[in-house]
1. Quick check on region 15-51: of everything there that is farther than 19 Å from residue 184 by Cβ and crowded, with 24+ Cβ neighbours inside 10 Å, which residue is farthest from the chain's Cα centre (by Cα)?
2. Are there any helices (runs of 4 or more DSSP H) wholly within region 146-265 with 3 or more residues that are touching a residue at least 40 places away in the same chain (Cβ under 8 Å) and under 18 Å from the mean Cα position of the chain (by Cα), and if so which?
3. If a residue must be more than 8 Å from the ligand (Cβ to nearest atom) and in contact with a strand residue (DSSP E or B) (Cβ under 9 Å, 6 or more places away or on another chain), how many such residues does region 277-292 contain?
4. Here are 91, 116, 104: which of them is within 16 Å of the ligand (Cβ to nearest atom) and either assigned to a loop (DSSP other than H, G, I, E, B) or at pLDDT 95 or above (or both)?
5. Considering each of 60, 109, 99 in turn, give the residue that is buried (at least 19 other Cβ atoms within 10 Å of the Cβ) and at pLDDT below 95.
6. I'm told residue 265 meets every condition in (1) touching a strand residue (DSSP E or B) at 6+ places or on another chain (Cβ under 8 Å); (2) within 15 Å of residue 49 (Cα to Cα); (3) within 16 Å of the ligand (Cβ to nearest atom) except one. Can you identify the failing condition by its number?
7. Looking only at residues that are on the phi < 0 side of the Ramachandran plot and out of contact with any strand residue (DSSP E or B) (no Cβ under 7 Å at 6 or more places or on another chain) in region 218-235, which one is nearest to the ligand (Cβ to nearest atom)?
8. Restrict the check to region 146-157 and report whether at least one residue is within 16 Å of the ligand (Cβ to nearest atom) and modelled with pLDDT of 95 or more.
Ligand code: ADP
């Protein structure tokens, strides 16, 4: 079990999921089934993944003063996520995502930040002390960028490990990347951040070098069913994932990130940590929804047997 502490900063969303045969085109209405509202948001998903997998994890986030926000805080506690830095924003809904899942398990997502837009530096400042006792800070890009930049800088200055999952994709200032220890983009995010389309291992290598040149120590490019490309002090390699029948790939990247951080906090090598993350993410893609799909530690350990 992990003893080093993890802080996750990020979003909390209510995911409205509808399963459809194929995604609606502009002007088209399609009939769906299996409508449900489940807990999601990249920050929450990654924190819950870490919590279920045994990490000592705190979440810095905002929820709305609606019923969903209250339910989320209770759910975090059950999943072992410390909620002292989760703020309830008055007169504001919790963030939402509208998610279509098609017959191939692919998803198409629209989001609205709502309470997540309130995760600004002045709100986070009282929780900076959490960083002092933490080993690693894990962040994504569904909350205001200014806060991500300030937190990365503070954590880097304090010699903490900063993991940035640059999702959803957007261009980032070099000053932020200089404070990132490990970046974990998928192929789309890699292309937006480096201008390199990742089709081959050589492309991934070139893209990783763009990140390294900007001061990022370690690069983990996730390749969906293809696994992940890793570039760190040990060199570059592709670490193959696990073959499963996907039901819904929503949150695969989030589970991967939460699991990767958890495993690295347990002093696993990068290769073993990526394999652990692949297993957790592979289990999650066989299930519908974001947080409901996240496996427990036992489920991941049984997966390896
Ligand atoms: P994102 O969900 O952020 O787009 P990826 O699609 O690259 O990221 O997936 C992240 C990780 O989830 C992969 O590295 C892999 O471990 C796992 N994964 C995703 N899709 C599949 C799949 N179809 N089969 C098995 N594992 C998968």
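The values are calculated or read from the model by the stated rules, or taken from the named source; none is laboratory data. Computed from a predicted structure; not experimentally measured. Cβ placement follows ideal geometry from the backbone for every residue including glycine, while neighbour counts extend to all protein chains displayed.
1. 17
2. Values: elements: 174-177, 187-194, 201-213, 252-265.
Helices (runs of 4 or more DSSP H) meeting the threshold: 252-265.
3. Total meeting the criteria: 5.
4. Working: 91 fails: within 16 Å of the ligand (Cβ to nearest atom); 116 fails: within 16 Å of the ligand (Cβ to nearest atom).
Residue meeting the stated conditions: 104.
5. Details: 60 fails: at pLDDT below 95; 109 fails: buried (at least 19 other Cβ atoms within 10 Å of the Cβ).
So the residue among 60, 109, 99 that is buried (at least 19 other Cβ atoms within 10 Å of the Cβ) and at pLDDT below 95 is 99.
6. For residue 265, the failing item is (3).
7. Taking region 218-235 and keeping what is on the phi < 0 side of the Ramachandran plot, we get 218-223, 225-226, 228-234.
This time we only want the ones that are out of contact with any strand residue (DSSP E or B) (no Cβ under 7 Å at 6 or more places or on another chain), so: 225-226, 233-234.
On the way: 225: 4, 226: 8, 233: 21, 234: 18 Å.
Among them, the one singled out is 225.
8. At the first step, the residues of region 146-157 found to be within 16 Å of the ligand (Cβ to nearest atom) are none.
No, every residue in region 146-157 fails to be within 16 Å of the ligand (Cβ to nearest atom) and modelled with pLDDT of 95 or more.
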